[in-house]
Ligand SMILES: NC(=O)c1ccc[n+]([C@@H]2O[C@H](COP(=O)([O-])OP(=O)(O)OC[C@H]3O[C@@H](n4cnc5c(N)ncnc54)[C@H](OP(=O)(O)O)[C@@H]3O)[C@@H](O)[C@H]2O)c1
């Protein structure tokens, strides 16, 4: 049995379906009743006791980064005799300045996992292809997508590939212990490239308009605390994080190339369709 946290999200949801498809029993830690091919356990990652209650019969745990009292959660995981933990960290753990709040919580979570005594694998995905879903309202409303950081190319990764690497790490006993896997897709794309590819998948001529850095700051501030907005401006407007390099990891672990943005777009058209 594998316990998947974040099971209603992009990465965790893909992992639940991947494991279930492979015939592996899955328990999902969820905050509400949902429809998933898994044994549901109501709990909260900020509440280690609730995670501990989900660990009966569990041999592997997929854990999200950055929650409260993670040392207590990991102590419970160790006590329960879990054989392997996969931590979903991020490339932010490789940033030049690790003092920013996002890098900090990933680095601290990674350290706790390394110190837990439970065999581990750390995943550091680049920006998810599924973040493109935030364009859905604009694409339903018209043919122009306006967004931040027009000049920044990112080797975005499909959550299905994160799930494939996580599943391999959890199921192939011993093979991925102590590995830190940077995960990318097969090519670095700018937002305008992704808009064009999405347009082709939808049979529409979509156009991208980049926001200035001042407009980007305003947009980020509308959706997150100022400290986090500053981190993203640092990463992408001031170039403090490079997510453009394509890494061989997905292919090395899964034996097949990473999924393309074309494949993600073709599988995701429903989310962008005008009614
Ligand atoms: N998106 C990216 O580009 C990116 C890149 C690198 C790393 N990451 C890392 O990957 C993580 C997951 O990304 P995602 O796109 O899959 O996120 P997502 O789709 O927003 O999913 C987040 C998941 O976490 C769950 N969750 C949130 N707070 C929780 C809590 N207190 N207790 C238990 N579950 C909780 C949510 O459950 P509910 O449905 O109950 O809210 C949801 O299942 C991010 O948090 C980040 O650390 C993301």
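The values are calculated or read from the model by the stated rules, or taken from the named source; none is laboratory data. Note that the structure is predicted; figures quoted are calculated from it, not measured. Cβ coordinates were reconstructed from backbone atoms using ideal geometry, including for glycine residues, and neighbour counts include every protein chain displayed.
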Report summary line: In the set 222, 265, 201, the lone residue that is crowded, with 17+ Cβ neighbours inside 10 Å, farther than 30 Å from residue 121 by Cβ and at pLDDT 95 or above is 201
Report summary line: The residue from 206, 198, 183 that alone is within 16 Å of the ligand (Cβ to nearest atom) and in contact (Cβ under 8 Å) with a residue 24 or more places away in the chain is 183
Query raised in the report: Would a scan of region 118-135 turn up a residue that is at positive phi, part of a loop (DSSP other than H, G, I, E, B) and surrounded by fewer than 20 Cβ atoms within 10 Å (Cβ to Cβ)?
Result: no
Report task. Pick out, from region 226-275, the helices (runs of 4 or more DSSP H) lying fully within it that include 1 or more residues that are touching a helix residue (DSSP H, G or I) at 6+ places or on another chain (Cβ under 9 Å) and under 21 Å from residue 195 (Cβ atoms). Result -> 226-232, 261-267
Query raised in the report: Of 157, 152, which residue is surrounded by 15 or more Cβ atoms within 10 Å (Cβ to Cβ) and closer than 22 Å to residue 85 by Cα?
Result: 157
Report summary line: Those residues of region 1-11 that are in contact with a helix residue (DSSP H, G or I) (Cβ under 7 Å, 6 or more places away or on another chain) and within 13 Å of the ligand (Cβ to nearest atom) come to a total of 6
Requested in this report: Select, from 72, 94, the only residue that is more than 18 Å from the chain's Cα centre (by Cα) and either more than 15 Å from the ligand (Cβ to nearest atom) or surrounded by fewer than 20 Cβ atoms within 10 Å (Cβ to Cβ) (or both).
Outcome: 72
Report summary line: Expected single match for over 30 Å from residue 84 (Cβ atoms), at pLDDT 95 or above and not in a loop (DSSP other than H, G, I, E, B) among 214, 192 is 192
Requested in this report: Please specify each residue of region 27-55 satisfying the condition of being farther than 19 Å from residue 82 by Cβ, part of a loop (DSSP other than H, G, I, E, B) and more than 8 Å from the ligand (Cβ to nearest atom).
Outcome: 33, 35, 36, 37
Query raised in the report: For region 12-26, does any single residue satisfy the condition of being assigned to a loop (DSSP other than H, G, I, E, B) and within 9 Å of the ligand (Cβ to nearest atom)?
Result: no
